[in-house]
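Read the structure below first, then the notes.
Every number here is computed from the coordinates shown, using simple stated rules; none is lab data. What you see is a predicted model, and the numbers here were worked out from it, not measured in a lab. Here the Cβ positions follow ideal geometry from the backbone for every residue, glycine too, while neighbour counts run over all protein chains shown.
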Amino acid sequence: MLAVAAVAVAAAILIIALDGHGDSGSRHGGGATRDGRGTVVQLAAGYLGVPVAEVRARLRRGETLGQIAASGKGASRIGLIESLYSARAAAVKARGLSPAAEAAELRTVRRTLIAQVDHARRRAGLVRGAASYLGLDEAELTGKLAGGHTLAQVAAATPGRSWAGLLQALLATRRQAIERAVSEKAVSAGAAHRALSRLRSRLERQIERPGG
C-alpha cells in the first residue's frame with residue numbers, strides 16, 4: 001500500500017505542477033484549501049508582504065508562486081517553500097501522529113508545496129510560451145486564437161517559425177519543471193519520462209485545436 005500511495009503522490013505532483021487544475025478546490029497534503037490555492041495564497045502573500053489580491057491577479061496571468069517570489073525584494077522561491085512548509089509542518093505536528101506517520105505526512109506536505117509553488121494555470125502558460133516563441137504580444141496571440149485560429153496556423157504564418165519549433169519551445173518550459181521535480185526527488189525519473197510523453201501528446205492536440 002505504501003508503494004501505491006507513493007505512486008499516487010508522484011502522479012498528483014506532476015498533474016499539479018505541469019498541467020493540472022490548482023484552483024479546482026481539491027484537498028492536498030498538509031491541510032485543506034478553499035479554492036485549491038486559498039490558504040497557500042494567503043500564506044504566500046504574507047511571506048511576500050503584498051496583498052492577497054495582487055498574488056491572485058498574477059496567478060491568473062499565468063505566473064507561478066515561485067516566479068512571483070523570485071521577483072520580490074528579499075524573497076525567493078526556496079524561501080517561499082520553506083515559509084509555507086513551516087506553517088504546514090506546525091499543523092501536522094500538532095496532530096499527535098506517530099513518528100513514522102508524521103514523517104510520511106511531512107514528506108507529502110513538502111512535495112505538494114513544491115508542486116503548488118511551481119504550478120501555473122495551463123491556458124495562461126500555453127499562451128505565454130507560444131507568444132514568446134512566435135515573437136507576438138500575448139494579447140495579439142489571444143486575439144488570433146479567439147478568432148478561431150490554431151496555434152499551428154499562427155506558427156505557419158509567422159516567418160521563421162514552425163509547428164515543430166513551437167512544440168519544442170512549449171515542451172522546453174514544461175520539461176524544466178519536470179526535471180526540477182526529479183532533482184528535488186518529488187517524482188521518479190520513470191514517472192517524469194511518462195509525464196513528458198503524455199505532455200507531448202497533449203500539446204500536439206492543443207497546437208492543432210482552434211482557439212488553443
Q: Taking a cut-off of 25 Å between Cα atoms, list the lysines near Lys93, but don't count ones fewer than 8 places away on the same chain.
A: Lys185
Q.
Please report the net charge: other residues with Cβ closer than 13 Å to the Cβ of Lys185, K and R +1, D and E -1.
A. +2
Q | Cα centroid of the range 84-123 to Cα centroid of the range 167-212, whole Å | A | 24 Å
Q: For Ala53 and Ala90, compute 0.36 nm times the residue count separating them, minus their Cα-Cα distance, and round to one decimal in nm.
A: 10.8 nm
Q) Using the count of nearby Cβ atoms within 10 Å as a rough guide to exposure, how do Arg88, Arg110, Arg202 rank from fewest to most? A) Arg202, Arg110, Arg88
Q: With label points built 7 Å along Cα→Cβ from the Cα atoms of Arg107 and Arg194, find their separation and express it in nm.
A: 1.8 nm
